[in-house]
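Structure, as structure tokens:
Every number here is computed from the coordinates shown, using simple stated rules; none is lab data. Nothing here was measured: the structure is a model prediction, and the numbers come from that model. Using ideal geometry, Cβ is built from the backbone for each residue, glycine included, and neighbour counts are taken over all protein chains shown.
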Amino acid sequence: MARRNKLGSLPPQNALRRYRDRHKDCPRAEFMFEKLLSKIGACLANHDLPYMIIGGQAVLLYGEPRLTRDIDITLGVNIDSLDQILSAAQELSLKPLPEDINSFVRQTMVLPTLDETTGIRVDFIFSYTPYEIGAIKRSQKVKIMDEEVNFTVPEDLIIHKIFAGRPRDLEDVRTVLLKNPDIDFSYIRKWLREFDKTSGKNEFLQNFEEILKNVK
């Protein structure tokens, strides 16, 4: 079994190998995503912006391969840093998609952008909650094309997917659990319990336990 870092994350060299394996049937896509991810990692580091890659790209790292044309980035900053993010997007040749950028970001806490050369959409998600700040600090660095790129650890990926709650997200949770036997369940349960309390839904932990029961 591969040696793991804290919270069940893979060593960086194993993580990159797994990420590439997920793209083995489409090497051109692998190159496009790796090139853009490496540029994003370098740019956000130069701007001293805390972040982590979540969503489909993280699922490729920890779960099963699936079609994705997006890169989702959680930022550990609030919307007061929008100008800095817009500057980074410009350096990356990413085109902001909303007509009224300020209004859209204030309403959604997301800046959607597009790399017009590849057609890859890059979403910058503003989040300055204690949970997200902690999750970004726990993220693991994966070296892609000589640049370090911060990916969420599998536990936080599962929490994000449970919170999203779509059928595809819940299926991603199942595959991540299957592929990562050293998952820290107590950490996941702690935060899902907290989100149940604050949301009043009382369904996040229940959904996780149901998936876990079917995986074991």
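General remarks:
- Cα-Cα over 19 Å, subset of Lys137/Lys213; Lys137/Lys216; Lys39/Lys95: Lys137/Lys213; Lys137/Lys216
- Largest-first principal axis extents, alpha carbons of segment 8-215, Å: 45, 39, 27
- Across the chain, Cα pairs under 8 Å and at least six residues apart give a relative contact order of 23 percent.
- Separation of segment 80-95 from segment 143-216 is 29 Å, based on Cα centroids.
- Residue order for Tyr128, Tyr62, Tyr187, Tyr51, fewest other beta carbons within 10 angstrom first, comes to Tyr128, Tyr187, Tyr51, Tyr62.
- Low-density loop cleavage sites - GluC sites (Glu not before Pro) in segment 53-120, where at most 15 other Cβ are within 10 Å (DSSP): Glu99, Glu116
- Phi-derived couplings, Karplus 6.51 cos²θ - 1.76 cosθ + 1.60 at θ = phi - 60°, listed residue by residue for segment 102-113: 4, 5, 4, 5, 4, 7, 10, 6, 10, 10, x, 9 Hz, with x used for Gly and Pro.
- Dipole moment magnitude, nearest 20 debye, segment 8-215 about Cα centre, only Lys, Arg, Asp, Glu C-beta charged: 580 debye
- Dipole of the chain [Lys/Arg +1, Asp/Glu -1 at C-beta], most positive-end residue of Ala135, Thr175, Leu97: Thr175
- Close amide H partners of Ile71, meaning residues 5 or more places away or on another chain with modelled amide H under 5 Å apart, are Arg121, Val122, Asp123.
- In summary, segment 92-205 shows an alpha-carbon radius of gyration equal to 1.23 times the 2.2 N^0.38 Å reference for compact globular proteins.
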